[in-house]
1. In a helix (DSSP H, G or I) and not β-branched (V, I, T): does that describe A175?
2. If I go through segment 71-84 residue by residue, how many of them are closer than 26 Å to T194 by Cα and either touching a Lys or Arg at 6+ places or on another chain (Cβ under 8 Å) or open to solvent by 40 Å² or more (accessible area, probe 1.4 Å) (or both)?
3. Provide a single number: the residues in segment 242-264 that are open to solvent by 10 Å² or more (accessible area, probe 1.4 Å), on the phi < 0 side of the Ramachandran plot and part of a loop (DSSP other than H, G, I, E, B).
4. Select from segment 216-227 the residues that are over 10 Å from the mean Cα position of the chain (by Cα) and either under 15 Å from V31 (Cα atoms) or of a type in the set (S, T, N, Q) (or both) and list them in ascending order.
5. Across segment 212-243, what is the total count of residues that are out of contact with any strand residue (DSSP E or B) (no Cβ under 8 Å at 6 or more places or on another chain) and touching a residue at least 40 places away in the same chain (Cβ under 8 Å)?
6. R39: touching a Leu at 6+ places or on another chain (Cβ under 9 Å), farther than 17 Å from A234 by Cα, open to solvent by 80 Å² or more (accessible area, probe 1.4 Å) and part of a loop (DSSP other than H, G, I, E, B), yes or no?
7. Going through segment 166-192 one residue at a time, which ones are small (G, A, S) and surrounded by fewer than 17 Cβ atoms within 10 Å (Cβ to Cβ)?
Amino acid sequence: GRDLLQLFESTYEQAHPEVDVRWLDMGSQEVVDRLRSERANPQADIWFGAPATLFARAGADGLLAPFRPDWAKAIPASSRGPGDLYFGVFRTLPVIVFNERLVAASEAPGDWDELLDPRWKGRLLIRDPMASGVLRTVFGMVLARSLAETGATDRGFDWLRWLDAQTKEYVANPALLHEKLLRQEGAVTIWELTDTLLERRRGSPFGYRFAASGTPVIDDAIALVAGAPHAVAARGFVEWVGGAEAQRLAAERVFRIPARTDLPADALPDWARQALADMRPAEVDADLVAREIQGWMASWDRTVRGRGGER
């Protein structure tokens, strides 16, 4: 997100005036496609921010270079990519978001299944899942649960068809999603906690609820791009991003939950401690999702989008 990128750019350049930090804010899947298209002549040095499942696929495709920062030991083993190709920096939490001018907190959906209630039909806005790591994570959770509980993804795809029938529009980017929700073109959406808190700070009447059945926690990662043209400077930036100073700065200023487990609880702001207390992590087979999500999403795009049916 731009708030985090602007904060980190200005802070890092002030401490390292010899470095010019330049960034391009894109959807997670768009980054993967861009790195793949530039494989023969890499233009980026760092990929910063996306679910670890997407980093895993990029690593398997040879798009990332190994680099183990000093702070790697301070994050859980589950947040470290194989071969030191990527590491989690923040924990991103998908939530159910609603416009408080249209929906009282007591009436807002409190779980994923409640989004299928008939009262939300035509009132649900969703970020285009093909471009969004957040929505891919939620869809991956639904399909992985179906496979674990029934031995097949059929029930999960049925759920996504019912969700599609509820959806008024798949929105191209987060800024437009927030704008449409603010203009009351929809009442409810699925997005992530950080952006929602930033919008609230700007005055947007957005409330949110954690899903009662569990939140799929996203390991928001960082990696060095294979063939990075400024690899030395890039390694220095990666080291700083995961350092305790930058992690606390992001938590205090732009609502980010650090991936580091060695920060004392009193080093986190009140909002972060409250979110971690309120949120119930969902049990998801991350390796399964990393392997299958590309095929699942292609199938969703081909057979579900715009073809949803009633329950």
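The values are calculated or read from the model by the stated rules, or taken from the named source; none is laboratory data. All of these numbers come straight from a predicted model, not from anything done at the bench. Neighbour counts run over all protein chains shown; Cβ positions are idealised from the backbone, glycine included. Accessible surface areas use protein heavy atoms only, side chains included; no ligands, DNA or RNA. Shrake-Rupley method; radii C 1.70, N 1.55, O 1.52, S 1.80 Å.
1. So A175 passes the test.
2. 9
3. Residues in segment 242-264 being open to solvent by 10 Å² or more (accessible area, probe 1.4 Å), on the phi < 0 side of the Ramachandran plot and part of a loop (DSSP other than H, G, I, E, B): 7 in total.
4. Correct list: I222, A223, L224, V225, A226.
5. Number of matching residues: 9.
6. The answer is yes for R39.
7. A172, A175
Here is a yes/no grid of residues against (1) under 30 Å from F139 (Cβ atoms); (2) not small (G, A, S):
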{"residue": "G243", "(1), (2)": "no, no"}
{"residue": "R253", "(1), (2)": "no, yes"}
{"residue": "R273", "(1), (2)": "yes, yes"}
{"residue": "P281", "(1), (2)": "yes, yes"}
